Amino acid sequence: MSQISYITEEGLKKLREELIQLESVERPRISKQIAEARDKGDLSENAEYDAAKDAQGMLEMRIGKLKDVISNCRIIDETRLNTSKVRLLNKVKVKNLKNNAITTYMIVSESEANLKEGKISIATPIGIGLLGKKKGDKVEIKVPSGIVTLQIMEISL
């Protein structure tokens, strides 16, 4: 049984676009590669055929995962969110108390996470550590490089 994930409308749109791209562009391209490799003769020693079949397997696995995520996601009504505590889809401005660096994260589902855009998954150590906390709270979070102490400066939408 698949896990329900909560997602924004924008995130769902991106997942659907990726699925369409994979099914309508990538799948036919790989099928063509397999056919071309098959036409070259003996399949037992055909590296091109093996590579194309491996790529096809990876593609089908990704398509299956995307379909599963899409079918088991729930869109979050952003108008019902509040900022009293850190929750999914909140933007959280935090200050690292060790080096005084200030960073803003948006807490999102795993499928929408993108560190370059400042979107961190609710399932990451930082996401888990911030969840449910209030403005002004100090949080010690165990990350791979050790323990980081963050103070929540602001919570917004």
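Normalised by the number of residues in the chain, the mean separation of alpha-carbon contacts (under 8 Å, six or more apart) gives a relative contact order of 23 percent. Charge tally for Lys53 (other residues, Cβ to Cβ under 11 Å; Lys, Arg +1; Asp, Glu -1): -3.
At a Förster distance of 22 Å, what's the computed FRET efficiency of Asn82 paired with Leu131, Cβ-Cβ distance as r, to 0.05?
0.95
Entry comment: accessible area of segment 1-104 is 69 Å² per residue, from protein heavy atoms only and a probe of 1.4 Å.
Oblate is the label for segment 37-118, because the ratio a/c of its alpha-carbon gyration tensor axes (a ≥ b ≥ c) is 1.5 or higher and a/b is not greater than b/c.
3J(HN,Hα) along segment 146-157: x, 10, 10, 10, 10, 10, 7, 8, 7, 10, 9, 9 Hz, from the Karplus curve 6.51 cos²θ - 1.76 cosθ + 1.60 with θ = phi - 60°, whole Hz, x for Gly and Pro. Within the same chain, lysines fewer than 8 places from Lys98 are excluded, and of the rest, those with a Cα less than 23 Å from its Cα are Lys116, Lys119, Lys133, Lys134, Lys135, Lys138, Lys142. Once you reduce segment 80-137 and segment 1-40 to the center of their Cα atoms, the two points are 30 Å from each other. Rounded, prolate or oblate: which fits segment 115-157 when a ≥ b ≥ c are the square roots of the eigenvalues of the alpha-carbon gyration tensor, with rounded for a/c under 1.5 and prolate only if a/b beats b/c? Oblate is the answer for segment 115-157, as a/c is 1.5 or above yet b/c matches or exceeds a/b.
The values are calculated or read from the model by the stated rules, or taken from the named source; none is laboratory data. Computed from a predicted model, the values in this text were never measured in an experiment. Cβ coordinates were reconstructed from backbone atoms using ideal geometry, including for glycine residues, and neighbour counts include every protein chain displayed. The protein model used for the area step is the full one, side chains on, heavy atoms only, and it has no ligands, DNA or RNA in it. Shrake-Rupley method; radii C 1.70, N 1.55, O 1.52, S 1.80 Å.
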